[in-house]
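The values are calculated or read from the model by the stated rules, or taken from the named source; none is laboratory data. What you see is a predicted model, and the numbers here were worked out from it, not measured in a lab. Don't worry about glycine lacking a Cβ; one is built from the backbone with ideal geometry, like all the others, and counts go over all protein chains shown. Heads up: the accessible areas ignore ligands, DNA and RNA and are worked out on the full protein's heavy atoms, side chains in. Shrake-Rupley method; radii C 1.70, N 1.55, O 1.52, S 1.80 Å.
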Amino acid sequence: MSDSALSQPSRLNRLFPSGSFGEMIFRSLCFSAATLTLVAMAGIIVALAIGGWPAFRAFGFNFFLSSEWNPVSEVYGAAGPIIGTLITAFLALLLALPLAIGISVFLVEFCPRILARPIAVAVELLAGIPSIVYGMWGLFVLAPWFAHYIQFPLLIHVSPDSWLGRMVAGVPNGANILTASLILAIMILPYMASVFRELFLTVPAQVREAAYGLGATPFEVVCSVIIPYVKRGLIGVIMLGLGRALGETMAVTFIIGNTHSLPHSLFDSGSTIASTIANEFTEATSEMHSAALTALGLVLFMITFMVLIMARLLIGKRS
């Protein structure tokens, strides 16, 4: 060990001697940094609760059950945006999760070393693209392509009375729940894949080689060795990806159709909490309209908070 490393504790002791005023300031700063997040979160909750209270008081529990959203008659129900938020987020996670695991497994187990790093960098770069770029691409590229090559053929060839016909019923304009979920899946896929890759790299090479030495196939190694080894981290990444999908705003606003009615099929237009707030907050001229949008913000905050609590509980049970 170098002399500089050995002298580091003594330097710190001279800077903050035990029981000194400097030590007290240092501890106070650490305590303040640790509690700042909690204070900020409490402040956000209180501000949203106070701002949304007129809507909760006026509509009661019906605010969560009704899908009627009419600024003209000052009647607001959040069921449509809430259901749209949950459907798009879970569909995006369902689409992105297997692809993210497949990409990370390929990069760690099968990809040639000379290509693994460039592909990993490309995946990380995709995670940094602004959401509005994804939204514009979805509006001008994905939505017309989806309407022409997916929606129109299905509407023509599928009986409207069949279960598949009811699942794909809707105006063939490409702006619907499924395309919004696809955009969300594309957005969270690079993030999840890059973190999964880092998790899989933490598995010791000796563990994987031992499994191969016992005759395990690559599929068995992934399912029986790699994933169980990092299962706590996997749960955390999945929940964080779900949290990002729940709160995404601009990309979904471009492509979901922005109607407040409850979606009855995958090709129905809809809305999310975030897209509703983004679309209407600047136009909310009445107190009740502003209160309803603030109440939606509180609902979104609580949904995300419950997702994180669920993640902690799942990680705790598997530890």
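Worth pointing out:
- Check on Leu99, touching a residue at least 60 places away in the same chain (Cβ under 8 Å) and open to solvent by 20 Å² or more (accessible area, probe 1.4 Å): yes
- For Gly170, the conditions (1) more than 30 Å from Phe301 (Cα to Cα); (2) open to solvent by less than 40 Å² (accessible area, probe 1.4 Å); (3) touching a Phe, Trp or Tyr at 6+ places or on another chain (Cβ under 8 Å); (4) not in a loop (DSSP other than H, G, I, E, B) are fulfilled apart from (4).
- Residue in the range 62-76 that is free of Cβ contacts under 8 Å to residues at least 40 places away in the same chain, over 17 Å from Glu280 (Cα atoms), assigned to a helix (DSSP H, G or I) and open to solvent by 40 Å² or more (accessible area, probe 1.4 Å) present: yes
- Residue list for the range 110-132, filter: assigned to a helix (DSSP H, G or I) and open to solvent by 70 Å² or more (accessible area, probe 1.4 Å): Phe110, Arg113, Ile114, Leu115, Arg117, Pro118, Glu124, Leu125, Leu126, Ile132
- Note on the range 173-224: enclosed helices (runs of 4 or more DSSP H) holding 3 or more residues that are under 26 Å from Leu125 (Cβ atoms) and not β-branched (Val, Ile, Thr) are 177-201.
- Test: residue in the range 45-66 that is at pLDDT below 90, out of contact with any Asp or Glu (no Cβ under 8 Å at 6 or more places or on another chain) and closer than 24 Å to Phe305 by Cβ: no
- Filtering the range 77-96 to residues that are touching a Gly at 6+ places or on another chain (Cβ under 7 Å) and either more than 24 Å from Thr253 (Cβ to Cβ) or open to solvent by 10 Å² or more (accessible area, probe 1.4 Å) (or both) leaves only Leu93.
- Here Val207 fulfils each of the conditions (1) touching a helix residue (DSSP H, G or I) at 6+ places or on another chain (Cβ under 7 Å); (2) within 28 Å of Ser181 (Cβ to Cβ); (3) open to solvent by 20 Å² or more (accessible area, probe 1.4 Å) apart from (2).
- Test: Leu155 is assigned to a helix (DSSP H, G or I) and in contact with a Ser or Thr (Cβ under 9 Å, 6 or more places away or on another chain): no
- Subset tally (residues that are open to solvent by less than 40 Å² (accessible area, probe 1.4 Å) and charged (D, E, K, R)) for the range 269-299: 1
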